[in-house]
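Below: one structure, written as structure tokens.
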């Protein structure tokens, strides 16, 4: 399993010592094999996380998901437990709905989905933003080009809080992206999140970045500066 740093393009908008402090986006990669149409397929599975440095920091929504130059948009594998692909590993049909991933053993480890924290189960609660368009919404296998698509947690939900189910002690999971092993990504994908420190009434802050892309030297420097700023303010 490998962990990758992700370029942070915009980060901390701090509003006092109680503010949430975003640190970085990162991915965790695993390579697995599963049987799909045409036989066994070697897959790279990337889990995308946002890391924070506060004990109750909470992601509220994610948006502006787009592919940058050279990023594949329609190569994602899905193995949803829905009628359109009947739990078969394929790239032609699928949904990004985390509540449709099906079996924890036979489907979920090989399925692409997005989420605001939480486990990818029927009761997940994450919803698609209208930016996906209609009638398909997020019930499509690709990332739509140029629509700045997003997803959000229900009002009052703490699923996107660090330490909750599906998350880690300091990070919130935002999605799982499954592609053929060895896939290259050009300049990767962009994303923005809205978050706060988990206290009712706290202002929402935003962080933007790219994932499945190699950080430029300037982005790495900005990432380090953001981390130092967060520690000084806390």
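The values are calculated or read from the model by the stated rules, or taken from the named source; none is laboratory data. Computed from a prediction, not measured in an experiment: that's the story for all the values here. Don't worry about glycine lacking a Cβ; one is built from the backbone with ideal geometry, like all the others, and counts go over all protein chains shown.
Among the residues of the range 53-66, the ones that are over 21 Å from residue 126 (Cβ atoms) and in contact with a strand residue (DSSP E or B) (Cβ under 7 Å, 6 or more places away or on another chain) come to 1 in all. For the range 115-155, give me each residue that is within 20 Å of residue 50 (Cβ to Cβ), out of contact with any helix residue (DSSP H, G or I) (no Cβ under 6 Å at 6 or more places or on another chain) and in a loop (DSSP other than H, G, I, E, B). If the condition is that a residue be within 20 Å of residue 50 (Cβ to Cβ), out of contact with any helix residue (DSSP H, G or I) (no Cβ under 6 Å at 6 or more places or on another chain) and in a loop (DSSP other than H, G, I, E, B), then 116, 117, 118, 119, 125, 129, 143, 153, 154, 155 are the ones that fit.
Residues in the range 144-155 that are under 16 Å from residue 195 (Cβ atoms) and either in contact (Cβ under 8 Å) with a residue 12 or more places away in the chain or surrounded by 23 or more Cβ atoms within 10 Å (Cβ to Cβ) (or both): 150, 151, 152, 153, 154.
Residues 50, 104, 92: which one is at pLDDT 95 or above and either in contact with a strand residue (DSSP E or B) (Cβ under 8 Å, 6 or more places away or on another chain) or surrounded by fewer than 18 Cβ atoms within 10 Å (Cβ to Cβ) (or both)?
Only one candidate passes the filter, namely 50.
Set side by side, the residues 183, 115, 126, 202 differ, and just one is modelled with pLDDT under 95 and touching a strand residue (DSSP E or B) at 6+ places or on another chain (Cβ under 7 Å), which is 202.
What number of residues within the range 156-183 satisfy the criterion of being surrounded by fewer than 18 Cβ atoms within 10 Å (Cβ to Cβ) and either touching a helix residue (DSSP H, G or I) at 6+ places or on another chain (Cβ under 8 Å) or part of a strand (DSSP E or B) (or both)? Number satisfying all stated conditions: 1. Just so you know, in the range 114-137 the residues that are crowded, with 17+ Cβ neighbours inside 10 Å and over 23 Å from residue 165 (Cα atoms) include one that is farthest from the chain's Cα centre (by Cα), and it is 137.
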